[in-house]
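Asks: There's a structure below that I have some questions on.
The values are calculated or read from the model by the stated rules, or taken from the named source; none is laboratory data. The model shown is predicted, which means the values in this text are computed figures rather than measured ones. Glycine gets a Cβ as well: all are built from the backbone with ideal geometry, and neighbour counts include every protein chain shown.
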Amino acid sequence: MSLIKTKDGKSYLFPFILITSLFFLWGFAHSILDVLNKHFQDSLSISKTGSALIQAVVYGGYFLMAIPAGKIISRYGYKAGVITGLLLYAIGALLFIPGAHILTFEFFLLCLFIIGCGLTCLETAANPYVTVLGDPQSAEQRINLSQSLNGLGWIVGPLVGGMLLFDDSDSSASSSSALSIPYAIIGILVLIIAFIFSRMHLPEIADAPADTSGAIVEKKSLWQHKHFVFGLISLFLYVAAQTGLNSFFINYAVDNAGITSSTAALLLGFVCMGLFMLGRMGGSWVMSKMRPQLLLGLCGIGATLSMVLLLFSSGKVGLSALFICYFCESIMFPTIFALAIRGVGKFTKQASSYLIMSIVGGAVAPVLMGYIADTTGNMQPAFIVPLFCYIVIAVFAFTYHSNSQRA
């Protein structure tokens, strides 16, 4: 498979498969949050703004843990970063077992914060590792392919959460077993995977060198790479937009489209995340025919137009606009990440830490969108937040070539 071979013919198929398996885990962890968001609104009688703290603590973990995770990887290697992340993930998940009996929102937030710290280590290690497992010119294709399995996790999370936490009458299933079962299972599974990784040999790969074609010239400081700085901002805004959509999809579907929470969870899992996964798989193939930044720009325009349609329509039309947006945003995270990190050479691990830190954008948008919805009494106006984010991402994509050449 040429995608995971270097120019001298060396294959990295096994480590590619091993690392790609991790992408499912954080996809599941993130997507089940979107069901918890609505569940806690119902079971603990908190506002939309309050429930947004679920995303805030997880993504806040990214902000606080990204630099330590980068230092762990720089000193001890990618494997150490992966195992640290898996152990923190498992601890946070298993703490949901006593948490389901304590049933306080604050304790759940602590559990989710620990999970967020674990996910930070996983992503800080896995994302850049995938980009260097082969020819640098195919980095965007490789990370989009790996992120396709992440899309599968995004499908499974809402389905599992919806079945366990919502019943057919749309009332909250608030028993301790309903809340602890998915996290107990995933916690045990993650511990098993951590043990497997501890026994496996994961080769350390040197950071990708600066682009020898001259398109991107390595600088003395990471911050002199203008394409990285703009990419950092764009990734912050992308995660903000994605998290905002995910957090309040069920609210929008219930309040503006008139469907039940359980049906909305199924739509989020099957339709939204199904389109998201298909987009990533298709995007990896399209990038073999089209420049990644051009595809990113076109998707940015598509997502922008879908948000405009949602803001000026209602009901099922607005819901359809959300479906379109999920498809358009599918390739954004891995493509922005790969474009931002391309050609930074010896700064690759440092750049990865900052890019993962930018995922804290997911802590900002849900709170802002929840506040707008609570203030206006309508979920619809809150989607002006992701609209702004997609506009900036489109600008990043269409100006990428010029920014990558500027000092």
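Asks: Which number in (1) part of a loop (DSSP other than H, G, I, E, B); (2) farther than 25 Å from Phe248 by Cα marks the one condition that Lys349 misses?
Replies: (1)
Asks: Now for a separate question. Identify all residues within segment 74-97 that are under 20 Å from the mean Cα position of the chain (by Cα) and either modelled with pLDDT of 90 or more or crowded, with 24+ Cβ neighbours inside 10 Å (or both); write none if there are none. Lay out the reasoning, then the answer.
Replies: Pass one, segment 74-97, residues under 20 Å from the mean Cα position of the chain (by Cα): 78, 81-90, 92-93.
Of everything in segment 74-97, those that are under 20 Å from the mean Cα position of the chain (by Cα) and either modelled with pLDDT of 90 or more or crowded, with 24+ Cβ neighbours inside 10 Å (or both) turn out to be Gly81, Val82, Ile83, Thr84, Gly85, Leu86, Leu87, Leu88, Tyr89, Ala90, Gly92, Ala93.
Conditions (1) hydrophobic (A, V, I, L, M, F, W, C); (2) surrounded by fewer than 23 Cβ atoms within 10 Å (Cβ to Cβ), marked per residue:
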site	(1), (2)
Ala257	yes, yes
Ser261	no, no
Ala265	yes, no
Gly282	no, yes
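Asks: Which of (1) within 21 Å of the chain's Cα centre (by Cα); (2) among the aliphatic types (A, V, I, L, M); (3) modelled with pLDDT under 85 does Met65 not meet, given it meets every other one?
Replies: (3)
Asks: So which residues in segment 49-73 are more than 25 Å from Thr124 (Cα to Cα), surrounded by fewer than 23 Cβ atoms within 10 Å (Cβ to Cβ) and not β-branched (Val, Ile, Thr), if there are any at all?
Replies: Filtering segment 49-73 down to residues more than 25 Å from Thr124 (Cα to Cα) leaves 49-51.
Filter again for surrounded by fewer than 23 Cβ atoms within 10 Å (Cβ to Cβ), leaving 49-50.
The one that is more than 25 Å from Thr124 (Cα to Cα), surrounded by fewer than 23 Cβ atoms within 10 Å (Cβ to Cβ) and not β-branched (Val, Ile, Thr): Gly50.
Asks: Any idea which of Gly302, Gly297 is more than 15 Å from the chain's Cα centre (by Cα), over 23 Å from Trp154 (Cα atoms) and assigned to a helix (DSSP H, G or I)? It would help to see each step written out before you state the result.
Replies: Values: Gly302 fails: over 23 Å from Trp154 (Cα atoms).
Matching residue, one of Gly302, Gly297: Gly297.
Asks: Also: Does Ile115 count as surrounded by 17 or more Cβ atoms within 10 Å (Cβ to Cβ), closer than 19 Å to Asp42 by Cβ and in contact with a Leu (Cβ under 8 Å, 6 or more places away or on another chain)?
Replies: Working: surrounded by 17 or more Cβ atoms within 10 Å (Cβ to Cβ): yes; closer than 19 Å to Asp42 by Cβ: no; in contact with a Leu (Cβ under 8 Å, 6 or more places away or on another chain): yes.
Here the answer is no, as Ile115 does not meet what is asked.
Asks: Next up: Filter segment 309-346 down to the residues that are outside any helix (DSSP H, G or I) and of a type in the set (S, T, N, Q) and list them by number.
Replies: If the condition is that a residue be outside any helix (DSSP H, G or I) and of a type in the set (S, T, N, Q), then Ser313, Ser314, Ser330 are the ones that fit.
Asks: Please work out if Lys226 is touching a Lys or Arg at 6+ places or on another chain (Cβ under 9 Å), more than 30 Å from Lys316 (Cβ to Cβ) and surrounded by fewer than 24 Cβ atoms within 10 Å (Cβ to Cβ).
Replies: Working: touching a Lys or Arg at 6+ places or on another chain (Cβ under 9 Å): yes; more than 30 Å from Lys316 (Cβ to Cβ): yes; surrounded by fewer than 24 Cβ atoms within 10 Å (Cβ to Cβ): yes.
So Lys226 fits the description; yes.
Asks: Would you check which residues across segment 226-285 are in contact with a strand residue (DSSP E or B) (Cβ under 9 Å, 6 or more places away or on another chain) and either among the basic types (Lys, Arg) or outside any helix (DSSP H, G or I) (or both) and list them?
Replies: Thr260
Asks: Let me ask something else about it. Select, from Leu311, Leu322, Leu278, Leu339, the only residue that is touching a residue at least 12 places away in the same chain (Cβ under 8 Å), surrounded by fewer than 19 Cβ atoms within 10 Å (Cβ to Cβ) and either under 26 Å from Thr399 (Cα atoms) or within 19 Å of the chain's Cα centre (by Cα) (or both).
Replies: Result of the check over Leu311, Leu322, Leu278, Leu339: Leu278.
Asks: Of all residues in segment 342-380 being of a type in the set (A, V, I, L, M) and under 21 Å from Leu311 (Cβ atoms), which is surrounded by the most Cβ atoms within 10 Å (Cβ to Cβ)? Even if it seems obvious, please write down each step before you answer.
Replies: Looking only at segment 342-380, we keep the residues that are of a type in the set (A, V, I, L, M), and these are 344, 351, 355-357, 359-360, 363-365, 367-369, 372-373, 379.
Then keep just the ones that are under 21 Å from Leu311 (Cβ atoms); that gives 364-365, 367-369, 372-373, 379.
Details: Val364: 21, Ala365: 30, Val367: 19, Leu368: 16, Met369: 28, Ile372: 19, Ala373: 23, Met379: 23.
Among them, the one singled out is Ala365.
Asks: Would you please list the contacts, defined by Cβ atoms under 6 Å and residues six or more apart or on different chains, that run from a residue in segment 34-47 that is more than 23 Å from Ala241 (Cβ to Cβ) to a residue that is of a type in the set (S, T, N, Q) and part of a helix (DSSP H, G or I)?
Replies: Matching pairs, first to second residue: none at all.
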